[in-house]
Amino acid sequence: MAKPKTLYSCTECGGQSPKWQGQCPHCHAWNTLVETVAEQASASTNRFSTLAGVTAERGVVQSLSKVRAEDVPRKPTGISEFDRVLGGGLVGGGVVLIGGDPGIGKSTLLLQALASISNTNSVLYVSGEESPQQIAMRARRLSLDTHDVKLLAEIELEKILNVIAHEKPQVAVIDSIQTVYSAALTSAPGSVAQVRECAAHLTRMAKWSGTTLILVGHVTKEGALAGPRVLEHMVDTVLYFEGDTHSSFRLIRAVKNRFGAVNEIGVFAMTEKGLREVTNPSAIFLSQHDTSVSGSCVMVTQEGSRPLLVEIQALVDNSYGMNPKRLSVGLEQNRLAMLLAVLHRHGGLAVFDQDVFINAVGGVRIDEPGADLAVLLAIVSSFKNKPLPAKHVVFGEIGLAGEVRPVQRGQERLKEAAKLGFTHAIVPKANKPKHKIEGMEIIAVERVEQAVAYCRGG
């Protein structure tokens, strides 16, 4: 018997190499090649032959102008924050991939959503990680009505596809995709080949039958979805479950959505009765200080279509080492170094001999450059040990020339701040509204020097 041939597959792009290398020759990622067994092609049958009819039906050339463009009907999940992230609800034939750390609440959220959807739609929960008894105990603990929720404990792909074809559910959950395996392949469940194969078959089944499919994915130590990145390209929506397991608050962020906005977030609180929606998420990210403290600045960030108020905290302290520390939590580290250089050149404050620490309260991650001005003013406040004026909000992007650049949706940010009781706002001049916002005074700045002078002068 011949020795089985081994290949090395990349977990990022799915490319294959005959020998192990430190760098993938296809996508040039480092340390992503894992050993797999090469699959033997069968001359008699093709594992994609069952889908040939589907391909033949859909592979018809037609004029784009004659294709009817219709709004996609949505299936509400009964959880408004979950619907917000999805773009309004689930779409028939859509495939959703949701990933997150172990124990963060993925299965709990989906069980709550299925229990609500089952009132109006047929649903199927496929579990490859838990027994039916475990799922029943969780449903009882959450006090969910699961009379209409159908359950299947199975990990073989072919059996799952047969059950979906027979039951014809409108919504199906696969928990998780890493546990499912296909009998057509000899590799173990969770390998690159198995995950790619099973996801392709399930996606094709969803498009053909109109069943909304929700796939649960494991994550790596770095927080990215485990398995090949091609998985994210096949599905319609990719959601990430974020949050500290030591905190009760959870965030769901959409990083890809063909039926809605990306970077949309939903905020939940983990309770004994499951995940509860947070209607005013800005309250989570604002600390409550009895007195004014230095190094604290409130900014308005934009997450998808939702403005959020987040407190930025800074601590500037004397450095007693050769290399001053630059630590940023929730914000980009390289951007902090750039802002310190701009502050030195245009703001007249040198912190080259100081340790600088930046933190976004509440564990939220801010990727937009609109946080630049808030970070800079928080650093100035901590360095001078002088609190910023109360009830002030800040947003704006900082350029290398010291200019304060405008950000998107400035009007919505100001209205959200005014609704929460803030009376002053330091904004870029281009974001100054034409019409006065009731109860709020707008301070428009063009340069970093103006913003620093205003805060230092009170």
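The values are calculated or read from the model by the stated rules, or taken from the named source; none is laboratory data. These numbers were taken from a predicted model, which means no experiment stands behind them. All Cβ positions, even for glycine, are placed from backbone atoms using ideal geometry, and neighbour counts span all protein chains on display.
Within the option set Val356, Val361, being buried (at least 16 other Cβ atoms within 10 Å of the Cβ) and touching a helix residue (DSSP H, G or I) at 6+ places or on another chain (Cβ under 7 Å) holds for one residue only, Val356. The set of residues in the stretch 241-291 being under 22 Å from Leu144 (Cβ atoms), basic (Lys, Arg) and assigned to a loop (DSSP other than H, G, I, E, B) consists of Lys273 alone. Once the stretch 283-307 is narrowed to residues that are within 18 Å of the chain's Cα centre (by Cα) and among the small types (Gly, Ala, Ser), the residue that is farthest from Lys415 (Cα to Cα) is Gly304.
Among residues of the stretch 326-342 that are among the β-branched types (Val, Ile, Thr), those with a Cβ under 8 angstrom from a residue that is in a helix (DSSP H, G or I), sequence gap 6+ or separate chain, pair up as Val342/Leu376; Val342/Val448. One residue is enough: does the stretch 334-351 have a residue meeting the conditions in a helix (DSSP H, G or I), out of contact with any Pro (no Cβ under 8 Å at 6 or more places or on another chain) and among the polar types (S, T, N, Q)? Yes.
Looking only at residues that are in a helix (DSSP H, G or I) and among the β-branched types (Val, Ile, Thr) in the stretch 174-189, which one is surrounded by the fewest Cβ atoms within 10 Å (Cβ to Cβ)? Steps first, answer last, please.
Let us first name the residues in the stretch 174-189 that are in a helix (DSSP H, G or I), namely 177-179.
Remaining after also requiring among the β-branched types (Val, Ile, Thr): 177, 179.
On the way: Ile177: 26, Thr179: 20.
Going through the qualifying residues, I end up with Thr179.
Of all the criteria given as (1) at pLDDT below 90; (2) exposed (fewer than 14 other Cβ atoms within 10 Å of the Cβ); (3) out of contact with any strand residue (DSSP E or B) (no Cβ under 9 Å at 6 or more places or on another chain), the one not satisfied by Ala283 is (3).
For the stretch 204-234, which residues satisfy the criterion of being over 22 Å from Arg253 (Cβ atoms) and among the β-branched types (Val, Ile, Thr)?
Taking the stretch 204-234 and keeping what is over 22 Å from Arg253 (Cβ atoms), we get 204-211.
Within the stretch 204-234, just Thr211 meets the criteria.
Being assigned to a loop (DSSP other than H, G, I, E, B) and aliphatic (A, V, I, L, M) holds for only one residue in Val407, Val427, Val380, Val393, and it is Val407. Against the condition without any contact (Cβ under 8 Å) to a residue 40 or more places away in the chain, in the same structural domain as Ala200 (by TED's automatic domain parsing) and not basic (Lys, Arg), how does Ser131 come out, does it pass? Yes, satisfied. With the condition kept exactly as written, say whether any residue in the stretch 346-353 is within 29 Å of Leu231 (Cα to Cα), in contact with a Gly (Cβ under 8 Å, 6 or more places away or on another chain) and of a type outside the set (Ser, Thr, Tyr). No, the stretch 346-353 has no match at all. The set of residues in the stretch 122-173 being in contact with a Phe, Trp or Tyr (Cβ under 9 Å, 6 or more places away or on another chain), aliphatic (A, V, I, L, M) and outside any helix (DSSP H, G or I) consists of Val149, Leu151, Leu152, Ile155, Ala172, Val173.
Keeping to the stretch 327-342, report how many residues are surrounded by 17 or more Cβ atoms within 10 Å (Cβ to Cβ) and touching a Phe, Trp or Tyr at 6+ places or on another chain (Cβ under 9 Å). Qualifying residue count for the region: 2. The residue list Val219, Val316, Val293 contains one member that is aliphatic (A, V, I, L, M) and at pLDDT 90 or above, which is Val316.
Give the number of residues within the stretch 340-372 that are closer than 17 Å to Asn385 by Cβ, among the acidic types (Asp, Glu) and out of contact with any Asp or Glu (no Cβ under 8 Å at 6 or more places or on another chain). Number of matching residues: 1.
Any residue that is modelled with pLDDT of 85 or more, more than 28 Å from Val216 (Cα to Cα) and outside the structural domain of His218 (by TED's automatic domain parsing) - is there at least one of those in the stretch 49-61? Taking every residue of the stretch 49-61 in turn, at least one turns out to be modelled with pLDDT of 85 or more, more than 28 Å from Val216 (Cα to Cα) and outside the structural domain of His218 (by TED's automatic domain parsing).
Considering the stretch 197-243, the residues that are polar (S, T, N, Q) and in contact (Cβ under 8 Å) with a residue 12 or more places away in the chain include one that is nearest to Phe268 (Cα to Cα), namely Thr237.
Hey, does the stretch 343-353 have a residue that's in the same structural domain as Lys432 (by TED's automatic domain parsing) and within 28 Å of the chain's Cα centre (by Cα)? Looking through the stretch 343-353, none of the residues is in the same structural domain as Lys432 (by TED's automatic domain parsing) and within 28 Å of the chain's Cα centre (by Cα). Applying the condition of being more than 26 Å from Phe383 (Cα to Cα) and among the basic types (Lys, Arg) to the stretch 430-458 and asking which residue is modelled with the highest pLDDT yields Lys432. Taking the stretch 105-138 as the range and being surrounded by fewer than 20 Cβ atoms within 10 Å (Cβ to Cβ) and either farther than 19 Å from Leu215 by Cβ or hydrophobic (A, V, I, L, M, F, W, C) (or both) as the test, the residues that pass are Ser116, Asn119, Thr120, Ser131, Pro132, Gln133, Gln134, Ala136, Met137, Arg138.
One residue stands out among those in the stretch 68-121 that are part of a loop (DSSP other than H, G, I, E, B), of a type in the set (Ser, Thr, Tyr) and farther than 18 Å from Ala136 by Cα: the one that is nearest to the chain's Cα centre (by Cα), which is Thr77. Counting only residues that are closer than 15 Å to Phe241 by Cβ and among the acidic types (Asp, Glu), which one in the stretch 59-104 is surrounded by the most Cβ atoms within 10 Å (Cβ to Cβ)? Checked the stretch 59-104; the qualifying residue surrounded by the most Cβ atoms within 10 Å (Cβ to Cβ) is Glu81. Within the stretch 308-330, one or more residues are assigned by TED's automatic domain parsing to the domain that holds Asn385, of a type in the set (D, E, K, R) and within 21 Å of the chain's Cα centre (by Cα).
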